[in-house]
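For reference, the structure discussed in these notes is given below.
The values are calculated or read from the model by the stated rules, or taken from the named source; none is laboratory data. The structure displayed is predicted, hence computed values, not measured ones. Counting neighbours? That spans all protein chains shown, and the Cβs are built from the backbone with ideal geometry, glycine included. Quick note on the areas: whole protein, heavy atoms, side chains included, nothing else; ligands and nucleic acids left out. Shrake-Rupley method; radii C 1.70, N 1.55, O 1.52, S 1.80 Å.
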Amino acid sequence: MTGSRLVSRKIRTSEDAHQQKIAVLARILDEATLRKQAIVRLTVEHPSLRLEDAYLIQDAGIRLRLGRGEKVVGFKMGLTSKAKMKQMGVDSPIYGVLTSSMRVENGSRLSLSGRIHPKIEPEVAFVVRRELHGRVSMEEALNACGGVCAAIEVIDSRFQNFDFTLPDVIADNGSSSAFVLGPLVQDFSALNLGNLGIILEVDRSPAQSGSSEAIYGHPGASLAELCSMLHARGLGLPSGSIVLSGAATQAVALKPGMSVRTCVQGLPDALLNPTSAIRAFKKYF
Ligand code: OOG
Ligand code: MG
């Protein structure tokens with residue numbers, strides 16, 4: 001065998017090993033999800049895991065879900081708040097993929113039996129009407145949306161104690177578990193999306209409150225950033241995509257029987273696991 005053939009065979013072998021490692025790590029995370037068993041973060045055993053590889057693990061995990069009949073319905077942005085970025089020691093957000101099985105109808109119950117240690121976050125979500133490609137301005141991103149709504153995201157890290165580094169949480173699809181969308185408001189031109197009051201209510205009392213400004217400065221800026229991040233990986237944002245723009249406050253542990261509500265100023269509420277006392281809720285905005 002000539003030297004160059006030997007070298008190319010060696011490269012192929014190491015590429016194969018790399019692909020195999022990606023597939024194995026995706027399967028480990030998928031099994032943790034299915035078995036509802038938290039695992040030690042991947043970077044303990046693989047300290048040199050790169051961000052590109054983490055997204056490849058995320059892709060492989062989504063392919064496993066698609067193989068079980070799920071459909072991609074959108075994306076979620078994570079770590080978009082300064083507080084979370086500081087906590088993680090990073091200066092850029094991450095994204096994850098939302099699938100059909102994660103969607104919970106507004107006001108319905110969510111079984112916690114399929115989760116490990118779920119937490120809830122109040123969010124603002126978009127529905128993209130016109131496909132977006134490449135780097136876009138916030139205005140272009142917002143103009144491509146068919147509506148905006150209040151949302152509740154349920155996150156459920158597959159890592160013990162939510163202990164992860166950036167590559168871990170990317171590989172784990174941004175801790176995605178479930179989400180609820182409130183009623184869609186199609187014409188949001190009169191809303192100042194960059195400064196809306198947001199309350200996460202648990203059992204009819206405010207548990208967290210904040211402003212949409214905490215979402216990457218403006219939820220629309222988070223949406224535009226998602227387009228850039230997808231573009232950097234050669235991807236676009238398809239028409240019809242749901243986009244969770246990121247948490248406006250800290251997450252709160254979700255326990256069985258809780259009634260949860262995200263109230264965003266100017267938008268109808270998103271509700272999860274409501275009780276019959278739902279009509280007693282007061283309106284904040
Ligand atoms: C990562 C996901 C964070 C958000 O909105 O910032 C996230 C985590 O904290 O587990 O969804
Ligand atoms: Mg979130």
* Beta carbons within 10 angstrom, averaged per residue: use that to sort the peptides 237-244, 42-49, 12-19, highest first. => 237-244, 42-49, 12-19
* Pick out, in residue order, every one of the GluC sites (Glu not before Pro) in the range 83-140 that is DSSP loop and has at most 11 other C-beta atoms within 10 Å; say none if there are none. => GLU105
* Using a 1.4 Å probe over the heavy atoms of the protein chains, calculate the carbon and sulfur portion of the accessible area of the chain as a whole percent. => 51 percent
* To do: Please report, in whole Å, how far the alpha carbons of the range 32-161 spread along each principal axis, starting with the longest.
  => 44, 36, 32
* **Solvent exposure of the range 3-280 as accessible area per residue, Å², 1.4 Å probe** => 46 Å²
* Structure fact -> LEU112 neighbourhood, Cβ < 13 Å, K/R = +1, D/E = -1, net charge +4
* Mind giving me the nanometre distance, one decimal, between the label points for LEU34 and LEU235, set 7 Å out from Cα along Cα→Cβ? => 2.2 nm
* **Per-peptide average of other Cβ atoms within 10 Å, ordering 153-166, 61-74, 177-190 highest first** => 153-166, 177-190, 61-74
* Charge tally in the Cβ shell below 13 Å around LYS71, where Lys, Arg are +1 and Asp, Glu are -1, LYS71 excluded -> +3
* Structure fact -> Only helices counted: for the chain, with every DSSP H run of 4 or more residues adding -39500 (n - 2.57) and the sum spread over all residues, [θ] at 222 nm is -9500 deg cm²/dmol
* Quotient of Cα Rg and 2.2 N^0.38 Å for the chain, N being how many residues it contains -> 1.04
* Under DSSP H, which helices of the chain have Cα atoms covering 18 Å or more of the helix axis and a Kyte-Doolittle average no less than 1.6? -> none
* **Which of SER175, ILE198, ALA232, positive extreme of dipole for the chain (C-beta unit charges)** => SER175
* **Karplus-derived 3J(HN,Hα), 6.51/-1.76/1.60, for each residue of the range 115-130, Hz, glycine and proline x** => 10, 9, 8, x, 10, 10, 9, x, 9, 10, 10, 10, 10, 7, 9, 10
